[in-house]
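Report on one structure; see the data block that follows.
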């Protein structure tokens, strides 16, 4: 856990899961904005997510979930499985 994460948790009450969820949702929104207007009724956007095993990888998994929920075809590739019980592992399980 970085110092910024520790401070956010201790001073604001944000847990790692919530911070990861916020980051992943913001990333998904950025990707959707870059892709352009929705193509409802046509072939969905195809997105490939490359995710590591740390917090950023967990955020990428959150983004993958949000993109899937918004109708994108998402393919996820993990650099290796996250450590069992870690926050990124929880995100992988949710996905």
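Looking only at residues that are more than 14 Å from residue 55 (Cβ to Cβ) and either touching a residue at least 12 places away in the same chain (Cβ under 8 Å) or in contact with a strand residue (DSSP E or B) (Cβ under 7 Å, 6 or more places away or on another chain) (or both) in the range 79-89, which one is surrounded by the fewest Cβ atoms within 10 Å (Cβ to Cβ)? The selected residue is 80. If the condition is being without any contact (Cβ under 8 Å) to a residue 12 or more places away in the chain, assigned to a helix (DSSP H, G or I) and either within 17 Å of residue 95 (Cα to Cα) or in contact with a helix residue (DSSP H, G or I) (Cβ under 6 Å, 6 or more places away or on another chain) (or both), then the range 9-28 contributes 18, 22, 26.
Can you tell me which residue within the range 41-71, out of those that are assigned to a loop (DSSP other than H, G, I, E, B) and more than 14 Å from the chain's Cα centre (by Cα), is surrounded by the most Cβ atoms within 10 Å (Cβ to Cβ)? Once the filter is applied, the top-ranked residue is 45.
Since every read-out is calculated from the coordinates, none of them should be taken as a lab result. All of these numbers come straight from a predicted model, not from anything done at the bench. With ideal geometry, Cβ positions are generated from the backbone for all residues, glycine too; neighbour counts draw on all protein chains shown.
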